[in-house]
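Reviewing the structure listed below.
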Amino acid sequence: MDSELFLNLCNLSWEVALIAFIVFGLTMLIKWPIKKATSKLEENKRKAVNTVIVFIPMILSILLNGLYYGIFKHEWFTGIVFESAGSIYIIALAIYAIYSRIVIIIKGAKTNSETNENLSKETISFIKQNIKTISKTLKVDESNLEKIVTKIEELLKIREEITNNLEYQDIAATENIDNQVNELKQEENTLKTTIASLKEQLTNYQNSIKKGE
């Protein structure tokens with residue numbers, strides 16, 4: 001599983017990885033003053049306000065990716081922008097998960113048991129929220145992947161029928177089908193990478209929940 005995930009991540013462009021790191025950095029910058037400002041509120045109000053933090057990386061992924069495609073590729077918030085933003089969001093979450101583990105390990109050696117208990121509750125709450133979000137995204141991506149695979153099979157079948165028709169050879173039609181198949185295969189590879197990342201994240205989060213509870 002680890003080797004498969006690594007190979008899939010290698011297919012991601014450096015632009016996607018860079019935007020994901022920027023999303024992570026900006027999320028941390030935005031999160032810090034929010035956490036500080038809500039630290040003195042009542043627990044219920046603090047949790048309600050801090051729920052907004054979960055949506056920050058998602059919003060940043062869409063905005064930054066939309067700006068990148070708009071400025072450099074002249075595609076303002078098209079379908080591919082939102083699809084790529086999904087990959088960026090997942091990678092940013094993965095970076096945050098790694099960062100959180102490092103922080104927890106470092107703080108765990110310096111803080112008392114009461115602080116550790118509060119930090120554990122906050123972390124578990126965040127993980128549970130992300131498990132729900134990732135699970136929903138995973139179902140949608142797996143459904144889209146099935147549709148793409150089916151569409152590719154249908155196009156290849158049509159191409160084969162055209163090729164085998166000796167009386168009527170439509171080269172333009174076969175070239176059009178080839179182009180569609182290539183585009184769909186690119187979408188398929190992107191979705192496979194995203195799905196692999198999602199499954200890896202779910203496994204890590206679920207293991208963390210078991211240890212934390």
Q. What about Ile95, is it under 23 Å from Gly25 (Cα atoms), open to solvent by 50 Å² or more (accessible area, probe 1.4 Å) and either modelled with pLDDT under 75 or in a helix (DSSP H, G or I) (or both)?
A. no
Q: Being at pLDDT 80 or above and open to solvent by 60 Å² or more (accessible area, probe 1.4 Å) is the filter here, so list the residues in the stretch 165-181 that pass it.
A: Glu175, Asn176, Asn179, Gln180
Q: Just give me the residues in the stretch 73-92 being within 15 Å of Gln186 (Cβ to Cβ), among the β-branched types (Val, Ile, Thr) and not in a loop (DSSP other than H, G, I, E, B), in sequence order.
A: Ile80, Val81
Q) In the stretch 45-101, how many are small (Gly, Ala, Ser) and in contact (Cβ under 8 Å) with a residue 60 or more places away in the chain? A) 6
Q) Which one of these does Glu117 not meet: (1) of a type outside the set (A, V, I, L, M, F, W, C); (2) open to solvent by less than 30 Å² (accessible area, probe 1.4 Å); (3) modelled with pLDDT under 70? A) (2)
Q. What is the number of the single condition among (1) open to solvent by less than 50 Å² (accessible area, probe 1.4 Å); (2) modelled with pLDDT under 80 that Val49 does not meet?
A. (1)
Q) Within the set of pairs 6 or more residues apart or between chains, which connect a residue that is in contact (Cβ under 8 Å) with a residue 12 or more places away in the chain inside the stretch 150-162 to a residue that is among the basic types (Lys, Arg) and open to solvent by less than 100 Å² (accessible area, probe 1.4 Å) with Cβ atoms less than 9 Å apart? A) Ile152/Lys185
Q.
Can you say whether Leu9 is assigned to a helix (DSSP H, G or I), open to solvent by 60 Å² or more (accessible area, probe 1.4 Å), of a type in the set (A, V, I, L, M) and modelled with pLDDT under 80, as far as the supplied structure shows?
A. yes
(Q) Taking the condition of being loosely packed, with under 15 Cβ neighbours inside 10 Å and of a type outside the set (Asp, Glu), how many residues in the stretch 182-211 meet it? (A) 10
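The values are calculated or read from the model by the stated rules, or taken from the named source; none is laboratory data. Bear in mind that the values here come from a model prediction, so they are computed numbers and not experimental data. Every residue, glycine as well, gets a Cβ built from its backbone with ideal geometry; the counts of neighbours run over all protein chains shown. Ligands, DNA and RNA are excluded from the accessible area calculation, which covers all protein heavy atoms including side chains. Shrake-Rupley method; radii C 1.70, N 1.55, O 1.52, S 1.80 Å.
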